[in-house]
Amino acid sequence: MKELKMDCEVSSFIDFSKYEGKDITLTGSIQNLRVLGWGGFIILRSNSYMVQCVAAKESVNIENLSVESVIKIVGLLKTATIKDKSIIPNNYEIELKSIEVLSTPSIDVLPVDTTKRELNVALDTKFDLRPLTLRHPKQRAIFKIQSTIFNAFGNYLTNIGFNRICSPKIVFSGAEGGANIFQLDYFKRKAFLTQSPQFYKQMMVGVFGRVFEESPVFRAEKHDTSRHLNEYISLDLEMMLSNGFEDLIVTEANVLAYIFDNIRETCKYEIELLEINVPIINKIVTMKFNEVHETVFQNYKKDFRGEKDLAPEEEQLICDYVKKTYDTEFVFVTHYPMEKRPFYTMEDKNDLGYSLSFDLLFRGLEITTGGQRLNKYEDYIDRMGKLNMNIDSFDSFLQTFKYGMPPHGGLGLGLERLTAQICGLSNVKEASLFPRDINRLTP
Ligand code: AMO
C-alpha cells in the first residue's frame, strides 16, 4: 500500500510567491535558450508560467540543451524585474543549481522558430504545425483568454440560476435551416451533426426555466472565409422571459461585462503581450434592422436598403457609427426580417414582417444571434405549414409545446468570433485550436 499526498502543486502548478528566497523544483519545456560566455538563460514553459532561469557556468552546463527539451530543474527563486512581456511571472527569476533532462525532441531542427517574438509563418503552416506553433507565447495567450471566456460564461450564468445542459450532437434534424448541415449514416438512417443546441435548450426551458450550454456545433460551410469555421464552440443560453425579448439583451450585456472583467483580472500578462484592449460594455445601444440600413445610407452614402440581411461591410460601418456616436463597441441590431430567421422565431405583433430577434455586432462582426421563440404548439404548426416544412419529422421537438411552455428566448454566442475580436485577430480560424474548414481536417 502506498499513500500519496494530496498536494495541489503537482508538477506544473506553482504559486511562486511561496518560494521567494527558497529553492524551487520545476519541470517544464525549454521555450528559449540563450547560451552566453558566462553561462546563459533558459525560459522554462509550463501550463501556468514561462519563467526565466539564469544559468551560471560554474553551477550548470546548458550548452548541450535544446529548445523543446523537457527538463527538471532546481534553483533559487529571486525577485527580478523582467521587461520581456512573454515571461510569466515578470517579478521572479531562478538561479539554477541543477538540471535533469527528462526528454528531448526527436528532430534536431524544429520546422518553425517559436523562440522569436512573432511567429512569422503563413496561416496554413501555422495550422499544419499546430502542436508546435501553439507553444508560441502569443498563441498560448489567445487560448488562455479563450479559456477564461469559456469559464466566465458558465460561472456567471450558474450564479444567476442557470443550469448547465449537455445536449446530443447527433441529431434528427437541423435547427437553423439552410444547406450547411453535415449528414451522417446512422445505422442506415439519416442523422445529422447538430448546427446548434437550439431544440434541446428550448425543451430544457420547460424543465429548468434557465439553461446554458457550451459545446461544439457543426456547419458545413462551403466557402473558406475569415468569419466561418465548420466546427465551432457555441455559447448558448435559453431562458423564460418576464418582460419580453429585451431580457435577453440585458442578460447578454451582463454576461459580457462579467467575461471582460474576468479577462482583465486573470489575463494581465496576455493582455500586455498581445497589446489588446479588452472592451468595456457599460451601456446597451439597440437599433432596428431598417434603422441600420437608413443610418448607413445617411452617413456613409452606401445603399443597402431593401437587403434582407446585413452585409459584412454594413456591419463594419454601423459599428464605426455607434463607436463615434455613442462611444460603444457594441450594437444590438433588432427586428431582422422574418424571412431571414428560422421557423422558431417570434414575430413582432406591432411590426409585422419583423422578428423579435437580434444580432450583436462587436468591432464590425456579428458575434451573437438571439431572440424570442414561438411558445405555443398551434403557432408552430401554423408557421411550419406556411413554410411547407414536414411537421411530422419534428414531432419529438413539437411535443414540448403541447405540454405548455412559458414565453422564452435565448441566444448563441460564437466563442471563436468573440475571442478573435477581443484579441484583434483578422481570421476567426486563429481563435480555434485545430480549425476545421472546407480544406482542413488535420491535425
Ligand atoms: P447563428 O446561426 O446565427 O444562430 O449562430 C450564432 C452565432 O454563432 C457564431 N457562428 C459561427 N462562428 C464560426 N463559424 C461559423 N460558421 C459560425 N456560424 C455562426 C456567430 C453567430 O452569431 N440557434 C441560433 C442562436 C439562438 O438564437 O439562440 C444560432 O445558432 O457568432
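The values are calculated or read from the model by the stated rules, or taken from the named source; none is laboratory data. Since this is a predicted model, take the numbers as computed values, not measurements. Glycine gets a Cβ as well: all are built from the backbone with ideal geometry, and neighbour counts include every protein chain shown. These area figures cover heavy atoms from the full protein model, side chains too; ligands, DNA and RNA do not enter into them. Shrake-Rupley method; radii C 1.70, N 1.55, O 1.52, S 1.80 Å.
In a residue-by-residue description of the range 62-74, the property of being over 38 Å from the mean Cα position of the chain (by Cα) and not β-branched (Val, Ile, Thr) applies to at least one position.
Here is the figure for the range 111-137: residues that are open to solvent by 40 Å² or more (accessible area, probe 1.4 Å) and at pLDDT 95 or above total 15.
Of the residues contained in the range 77-92, none is found to be surrounded by fewer than 15 Cβ atoms within 10 Å (Cβ to Cβ) and closer than 13 Å to Thr27 by Cβ.
If a residue has to be open to solvent by less than 40 Å² (accessible area, probe 1.4 Å) and at pLDDT below 95 to count, how many in the range 33-49 make the cut? Let's see the steps before the verdict.
So in the range 33-49, the residues open to solvent by less than 40 Å² (accessible area, probe 1.4 Å) come out as 33, 39-40, 42-46, 49.
In the following step, the residues that additionally are at pLDDT below 95 were identified as 46, 49.
Here the count works out to 2.
In the range 212-251, how many are open to solvent by 40 Å² or more (accessible area, probe 1.4 Å), more than 10 Å from the ligand (Cβ to nearest atom) and of a type in the set (D, E, K, R)? Within the range 212-251, residues that are open to solvent by 40 Å² or more (accessible area, probe 1.4 Å), more than 10 Å from the ligand (Cβ to nearest atom) and of a type in the set (D, E, K, R) number 3. Checked against the criteria, Lys268 does not count as among the charged types (D, E, K, R), more than 16 Å from the ligand (Cβ to nearest atom), on the phi > 0 side of the Ramachandran plot and open to solvent by 10 Å² or more (accessible area, probe 1.4 Å).
Within the range 147-186, if we keep just the residues that are away from the ligand (no atom under 13 Å from the Cβ) and in a strand (DSSP E or B), the residue that is nearest to the chain's Cα centre (by Cα) turns out to be Arg164.
Restricting attention to the range 321-337, which residues are within 14 Å of the ligand (Cβ to nearest atom) and either farther than 17 Å from Pro407 by Cβ or in a loop (DSSP other than H, G, I, E, B) (or both)?
Taking the range 321-337 as the starting set, the residues that turn out to be within 14 Å of the ligand (Cβ to nearest atom) are 330-334, 336.
Result: Phe330, Val331, Phe332, Val333, Tyr336.
Give the residue that is nearest to the ligand (Cβ to nearest atom), with candidates limited to residues of the range 187-208 that are of a type in the set (Lys, Arg) and over 22 Å from the mean Cα position of the chain (by Cα).
In the first step, residues of the range 187-208 are kept if they are of a type in the set (Lys, Arg); the result is 188-190, 201.
The next check asks that each one be over 22 Å from the mean Cα position of the chain (by Cα); those that pass are 188-190.
Values: Lys188: 29, Arg189: 24, Lys190: 21 Å.
Going through the qualifying residues, I end up with Lys190.
Any chance the range 387-397 includes a residue that's small (Gly, Ala, Ser), in contact (Cβ under 8 Å) with a residue 60 or more places away in the chain, in a loop (DSSP other than H, G, I, E, B) and away from the ligand (no atom under 16 Å from the Cβ)? Within the range 387-397 (the criterion being small (Gly, Ala, Ser), in contact (Cβ under 8 Å) with a residue 60 or more places away in the chain, in a loop (DSSP other than H, G, I, E, B) and away from the ligand (no atom under 16 Å from the Cβ)), the answer is no, since none of the residues qualifies.
Screening Asn230, Asn254, Asn243 for residues that are among the polar types (S, T, N, Q) and in contact with a Lys or Arg (Cβ under 6 Å, 6 or more places away or on another chain) leaves exactly one candidate, Asn230. Among the numbered conditions (1) open to solvent by 70 Å² or more (accessible area, probe 1.4 Å); (2) free of Cβ contacts under 8 Å to residues at least 24 places away in the same chain; (3) among the charged types (D, E, K, R), the only one that Glu20 does not meet is (2). The residue that is farthest from Pro312 (Cα to Cα), among those in the range 338-366 that are open to solvent by less than 10 Å² (accessible area, probe 1.4 Å), in a strand (DSSP E or B) and touching an Asp or Glu at 6+ places or on another chain (Cβ under 8 Å), is Ser355.
Mind checking which residues of the range 366-386 are more than 10 Å from the ligand (Cβ to nearest atom) and in contact with a Ser or Thr (Cβ under 8 Å, 6 or more places away or on another chain)? Show your work before the answer.
Here is the first cut: in the range 366-386, the ones more than 10 Å from the ligand (Cβ to nearest atom) are 374-386.
Scanning the range 366-386 gives a single hit, Leu374.
Specify the residue that is surrounded by the fewest Cβ atoms within 10 Å (Cβ to Cβ); the eligible residues are those in the range 401-426 that are within 11 Å of the ligand (Cβ to nearest atom) and farther than 19 Å from Ile259 by Cβ. Even if it seems obvious, please write down each step before you answer.
Filtering the range 401-426 for residues within 11 Å of the ligand (Cβ to nearest atom) gives 408-421.
Remaining after also requiring farther than 19 Å from Ile259 by Cβ: 408-409.
On the way: His408: 23, Gly409: 29.
Checked the range 401-426; the qualifying residue surrounded by the fewest Cβ atoms within 10 Å (Cβ to Cβ) is His408.
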